[in-house]
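**Q** Before I ask anything, here is the structure I am working with.
FYI, it's all coordinate maths here, none of it is from the lab. Because the structure is predicted, anything quoted here is derived from the model rather than measured. Neighbour counts are summed over all protein chains in view; Cβ atoms, including those assigned to glycine, are modelled from backbone coordinates with ideal geometry.
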Amino acid sequence: MKGNMLAMNKTRLFGTACFAIAFAAIVSSCGDKTTRSTGWEFSRNMYDPIGYNPDQPNKNFANGQTAQTPPEGTTPVGFERFDYPNTLEGYEAASVNVHNPLERNEKNLKEGAHLFQAFCSPCHGPEGHGDGTIVNMEKFPPPPSYATGNSSRGGLMKDLTDGKIYHTITYGLNLMGSHASQLSPEERWKVVMYVHELQKK
């Protein structure tokens, strides 16, 4: 009997202690609405980067800026240089000198078709006839058909070369904006490969 009462007292004491700790944690977590403190932070150094942010002042450079202009002639990592300007002359030069470096195979054509459907078909249509969903909404005039249309820069769309198509995807033309930020150079070449298929339809 004495042993049972001792066990009950220990249980009550343990339960009371647990309740008190839980109550204290809940009360202490409730702010007094006068502070924005979030309390203790775990691994504070993970929140504060060691490196400078690009827009921060930086005493390590003479002009006091963190973001510096890259040295002339350098190429950023992952960037592929395209040395043909966004001019009619650059467009014509690309037509003569720029050729698709990718092998024409089923895999590249399939990926080109997928990229075309995702990025180009809303305007150009699934078969490249200029009947995309945006055109059907009567928001924009239809682009010329790859198979039968005339290019706004002269000539037939079906005669567009690798370089002309790649130049247009890179810089955009008329209402079509540049797709250089959406499509990597390799992806652009796959789209070029697929557009040649649409020129035959």
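**Q** Could you check which residue among A93, A147, A17 shows the biggest mean-square fluctuation in a GNM of the chain with a 10 Å Cα cutoff?
**A** A17
**Q** Sort F42, F61, F119 so the one with the fewest other Cβ atoms within 10 Å of its own Cβ comes first.
**A** F42, F61, F119
**Q** Helix by helix, which DSSP H runs in the chain go 30 Å or more along their axis at the Cα atoms and have an average Kyte-Doolittle hydropathy of -0.5 or more?
**A** 2-29
**Q** Note down the relative contact order for the range 88-198 as a percent, whole number, built from C-alpha pairs under 8 angstrom at least six residues apart.
**A** 33 percent
**Q** Which value at 222 nm does the chain reach when only helices count, each DSSP H run of 4 or more adding -39,500 (n - 2.57), with the total divided by all residues and rounded to the nearest 500 deg cm²/dmol?
**A** Dividing the helical sum by the residues of the chain leaves -13000 deg cm²/dmol.
**Q** Follow-up. Going by how many other beta carbons lie within 10 Å of each one, how would you line up R12, R153, fewest first?
**A** Going from sparsest to densest Cβ surroundings: R12, R153.
**Q** Modelled label-to-label distance, K139 and A93, 7 Å Cα→beta-carbon offset: nm?
**A** 3.6 nm
**Q** Which order do the peptides 128-136, 94-102 take when ranked by the mean count of other beta-carbon atoms within 10 Å per residue, highest first?
**A** The packing order, highest mean first, is 128-136, 94-102.
**Q** Dipole of the chain, Cα-centred, from +1 at each Lys and Arg C-beta and -1 at each Asp and Glu C-beta, to the nearest 20 debye?
**A** That gives the chain a dipole magnitude of about 1300 debye.
**Q** Quickly rank 103-115, 75-87 as a protection proxy: mean count of other C-beta atoms within 10 Å, highest first.
**A** Those peptides, ordered most packed to least, come out 103-115, 75-87.
**Q** Please report how many Lys pairs in the chain have alpha carbons closer than 27 angstrom, counting only residues at least 8 apart along the chain or sitting on separate chains.
**A** The result is 22.
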